[in-house]
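Below is one structure, written out as structure tokens; the observations come after it.
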Amino acid sequence: MHPRTIELLLRLGVGPKELQHVNSPVFHSIPHDPTGYGLIGGTGAVKTSQIVRRLAEEIDAFVTSQAEPDKAGLPVGYHWPYVRWVDWPVRAEFLKRMSAMSCHKEIDLYISEWKKTGILVLDDIGQERISSERDYALGVLGEVLDTRYRFGLPIFWTSNLEPEQLIGKYGSRLMSRLFEVSPFIKVDSKDQRLKNRKRPPKAT
């Protein structure tokens, strides 16, 4: 992967932890659907790295095709704010803290960006704390999903939870909209990270 590709992925909001997987093998042979999809599987099923890698490959192909790759920008349709990567549990807690401090203008900017961006990636939904049906983060997620549902904007998402667990957490109305816009695919839940971790040599 070209170093410039890594720089551009960071600009889109992909974190250093996720970027560790851009050169990892593809464990799941899932056809890429530009209209969006979700990946459901247990811990270690490399769902996040699958989506990171897909995004990285498309950007890297563009970067390396340029006369000066080190100065390349993002391909049309991929530059910020047209792609946004959101680590949902982290952002959900951040929004709650911002709301408690009455930082409403800053919150509105985030929500507006997630509603309108051309491609939205919601990583690890279901891992944030939901205290009640009136939880602030739940309301934000509903607002974002409803807007993207109405306008047919793609969402790529991952979750460790089963569909029934997601419905139990977020409600059937909200999840039916997500599943319609971005149908889920269940991936092998065997922990690929442990499976492929280098084992120390046996003592002789």
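All of the numbers you see were taken from the coordinates with simple rules; none came from a lab. Keep in mind that this is a model prediction, so the values were computed, not measured. So basically every Cβ, Gly included, is an ideal-geometry build from the backbone, and we count neighbours across all protein chains shown.
Exceeding 31 Å between C-alpha atoms, which entries from my cross-link table qualify? They are 71/96; 71/186; 116/186; 47/116. Those over the limit are 71/96; 71/186.
Counting 0.36 nm for each residue step from residue 185 to residue 35 and taking away their Cα separation leaves a gain of 52.6 nm. Equivalent-ellipsoid semi-axes for segment 3-189 (Cα gyration tensor, √(5λ), whole Å, largest first): 27, 20, 15.
With Kirkwood's inverse mean 1/r over C-alpha pairs for Rh, give me the Rg to Rh ratio of segment 100-189, two decimals please. Result: Rg/Rh = 0.96.
If you take the charge dipole of segment 3-189 about its Cα centre, with +1 on Lys and Arg Cβ and -1 on Asp and Glu Cβ, which of 126, 46, 140 is farthest toward its positive end? Value: 140.
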